[in-house]
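Asks: Right, I'll just put the structure down here and ask away after.
Any read-out appearing in this document is the output of simple, stated calculations on the displayed coordinates, not a laboratory observation. In this text, all values refer to a predicted model and were calculated from it rather than measured experimentally. Neighbour counts run over all protein chains shown; Cβ positions are idealised from the backbone, glycine included.
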Amino acid sequence: AQSVSQHNHHVILSEAASLELGCNYSYGGTVNLFWYVQYPGQHLQLLLKYFSGDPLVKGIKGFEAEFIKSKFSFNLRKPSVQWSDTAEYFCAVIPSGSARQLTFGSGTQLTVLP
Amino acid sequence: SQTIHQWPATLVQPVGSPLSLECTVEGTSNPNLYWYRQAAGRGLQLLFYSVGIGQISSEVPQNLSASRPQDRQFILSSKKLLLSDSGFYLCAWRAGQGARETQYFGPGTRLLVL
């Protein structure tokens, strides 16, 4: 079965620092990849997604992610974080096949200090 | 546009009591619907999904059950709650088809079993 690993459980940054959150998945076939964000007290929102094409995907609020097929990775990045980016971030994968099950990583809590 | 509602937002129940959580979707017909649980410090775990009225697939053996009485209604139930049922329950619906599907989440229900 496929799995998704987010190795950073909690990341603490100062405002204006650069961010990179790791996401690795284990699945040998073609996949669709997602990053979701959950702000405090809010529901889970889609940040960005990758289906095919350009492996560098741009999402909302200045976030981007790069799909590196050879590394089975889909890391999330932002050049300069803001206090309002404090949230929990989830990477998710779904095989482009018949299973149709979205598998989530355990999440990374990002805390941005003002 | 499509919206997804969950009710109630928060619930505190004693061990052994029954449970009924409701999820409704507006603005789409015959959606695939999903129930996830997010336990504290862990990622999202898929519990059930439904491709249509009366069609339920269970992903993990547990104390919970699901039903789809109407096209846009998905119910999560239990006859007798356990302490381990505490968590944050998210309903999701699937947009798109095949290789370009994306799941969108409702606001969630926070359940505390005492």
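Asks: Report, as a whole number in µm² per second, the diffusion coefficient that Stokes-Einstein gives for the protein assembly as shown at 20 °C and 1.002 mPa s using the Kirkwood radius over alpha carbon pairs. Before the final figure, lay out the partial values.
Replies: Values: Rh = 18.2 Å.
It diffuses with D of about 118 µm²/s by this estimate.
Asks: For chain A, with a Gaussian network of springs between Cα atoms less than 10 Å apart, report the residue from A:103, A:30, A:86 with the top mean-square fluctuation.
Replies: Maximum fluctuation in the GNM of chain A, among the listed residues, is at A:30.
Asks: Below 8 Å, C-alpha to C-alpha, sequence gap of six or more: please give me the relative contact order for chain B in percent.
Replies: Computed value for chain B: 34 percent relative contact order.
Asks: Could you check which residue among B:20, B:67, B:86 shows the biggest mean-square fluctuation in a GNM of chain B with a 10 Å Cα cutoff?
Replies: Ranking B:20, B:67, B:86 by mean-square fluctuation puts B:20 first.
Asks: Tally Lys/Arg at +1 and Asp/Glu at -1 over every other residue whose Cβ is under 9 Å from the Cβ of residue B:29; what's the total?
Replies: Residues close to residue B:29 contribute a combined charge of 0.
Asks: Right, next: If you look for lysine pairs in chain A that are eight or more places apart or on different chains, how many of them have Cα atoms under 19 Å apart?
Replies: 8
Asks: Once Rh for chain B is found with the Kirkwood sum over Cα pairs, what is the Stokes-Einstein diffusion coefficient at 25 °C and 0.890 mPa s, in µm²/s?
Replies: Estimated diffusion coefficient is 173 µm²/s.
Asks: Between A:17, A:92, A:65, find the one with the highest GNM mean-square fluctuation for chain A; connect C-alpha pairs within less than 10 Å.
Replies: Of A:17, A:92, A:65, the most mobile in the Gaussian network model is A:17.
Asks: Summing +1 for each Lys or Arg and -1 for each Asp or Glu, what net charge is found among the other residues whose Cβ lies under 10 Å from the Cβ of residue A:21?
Replies: Values: positive: A:77, A:78; negative: A:20.
Surrounding charge for residue A:21 is +1.
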